[in-house]
Amino acid sequence: MDSFEINKIIGALLGVIFVMFSVSIVSEALFHAEGLETPGYLVEVPESDQGGDQQQEAAPESVLPLLADADPSAGEGIFKRCQACHTAEQGGANKVGPNLWNIVERPVASHEGFSYSAAMQEFAQGGETVWDYENLDHFLISPKGLVPGTAMAFAGLKKIEDRADLIAYLRTLSDNPTPLPEAGSEGANEEGDAAAGDQGAATEQPAADAEQAPEAEGDATQGKDAAAEVPSDEIKPAVQAQ
């Protein structure tokens, strides 16, 4: 190939490059876009009612009023879900979780021979916290909700009847079961306060009458004294005139 052919090839390549460069300049001039002052994407959030984001889920219903009518035998069936981690008989061995004999009113994190998590030991407050009916209810709803960081991997019982039956069964795991909470104890206290108020009012009334009695006696005494002070000479003429 002679030099003339080489020059034609080089000239053709240069021509293609020139055309491409020219097209690029023209395209940029025609389709130029202004740059963003602040890079990013604008996300529009619909306005919501004031305080809507602060609404919290309603607290679960307390199991305490249901315990008197709960079914321990049904709770024993529910406890089968727990047998992989807990034993229920007296003197039973610890498994993934501690033995649950005499669990009601037992101090938290106190079962001998079981290594409790740091979160459970903190919740125990040195033995001041006990597994009363209320704490058992909250723990069965959500273990990690009551004791954040607990090692117990259990989703919880959301159905209140299941929790009542299970707690009723746990109550039977004792030689001396803990008494059930008294229903309507708050109402009984209010009635007792009202009765005490009525009794106090009744007591105040006789006291007020007793305070008035001496005054009446004093008036009668003053009348007698006034009569005694009348001279006898003034009394005799009045008798004679009759």
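I need the full set of residues from the stretch 122-148 which are surrounded by fewer than 18 Cβ atoms within 10 Å (Cβ to Cβ) and either aromatic (Phe, Trp, Tyr) or assigned to a loop (DSSP other than H, G, I, E, B) (or both), in order please.
GLU128, THR129, ASP132, SER142, PRO148, listed by residue number.
With the condition kept exactly as written, say whether any residue in the stretch 161-172 is among the polar types (S, T, N, Q) and modelled with pLDDT under 95. Steps first, please.
If we filter the stretch 161-172 for residues that are among the polar types (S, T, N, Q), which is where we start, we get 172.
Then drop every residue that is not modelled with pLDDT under 95, which leaves none.
So far as the stretch 161-172 goes, no, none of its residues is among the polar types (S, T, N, Q) and modelled with pLDDT under 95.
Return yes when ARG81 is in contact with a Phe, Trp or Tyr (Cβ under 9 Å, 6 or more places away or on another chain), of a type in the set (Lys, Arg), at pLDDT 85 or above and open to solvent by 80 Å² or more (accessible area, probe 1.4 Å) and no when it is not.
Working: in contact with a Phe, Trp or Tyr (Cβ under 9 Å, 6 or more places away or on another chain): yes; of a type in the set (Lys, Arg): yes; at pLDDT 85 or above: yes; open to solvent by 80 Å² or more (accessible area, probe 1.4 Å): yes.
In short, yes.
Quick check on ASN94: is it under 27 Å from PRO181 (Cα atoms) and either open to solvent by less than 60 Å² (accessible area, probe 1.4 Å) or not in a helix (DSSP H, G or I) (or both)?
Details: under 27 Å from PRO181 (Cα atoms): no; either open to solvent by less than 60 Å² (accessible area, probe 1.4 Å) or not in a helix (DSSP H, G or I) (or both): yes.
Criteria not met by ASN94.
With respect to the numbered conditions (1) farther than 25 Å from GLU182 by Cα; (2) hydroxyl-bearing (Ser, Thr, Tyr); (3) part of a helix (DSSP H, G or I), which one is the sole condition not fulfilled by THR87?
(3)
For the stretch 102-137, which positions are touching a residue at least 60 places away in the same chain (Cβ under 8 Å) and either acidic (Asp, Glu) or on the phi < 0 side of the Ramachandran plot (or both)? Outline the logic, then answer.
Of the stretch 102-137, the ones touching a residue at least 60 places away in the same chain (Cβ under 8 Å) are 102-105, 133-134, 137.
Scanning the stretch 102-137 gives ILE103, VAL104, GLU105, TYR133, GLU134, ASP137.
Within the bounds of the stretch 58-79, is there any residue that is within 27 Å of the chain's Cα centre (by Cα), assigned to a loop (DSSP other than H, G, I, E, B) and without any contact (Cβ under 8 Å) to a residue 40 or more places away in the chain?
Yes, there is a match, as at least one residue in the stretch 58-79 is within 27 Å of the chain's Cα centre (by Cα), assigned to a loop (DSSP other than H, G, I, E, B) and without any contact (Cβ under 8 Å) to a residue 40 or more places away in the chain.
The values are calculated or read from the model by the stated rules, or taken from the named source; none is laboratory data. Remember, predicted model here, so these are calculated numbers, not experimental data. All Cβ positions, even for glycine, are placed from backbone atoms using ideal geometry, and neighbour counts span all protein chains on display. These accessible areas exclude ligands, DNA and RNA; they are computed on the full protein's heavy atoms, side chains included. Shrake-Rupley method; radii C 1.70, N 1.55, O 1.52, S 1.80 Å.
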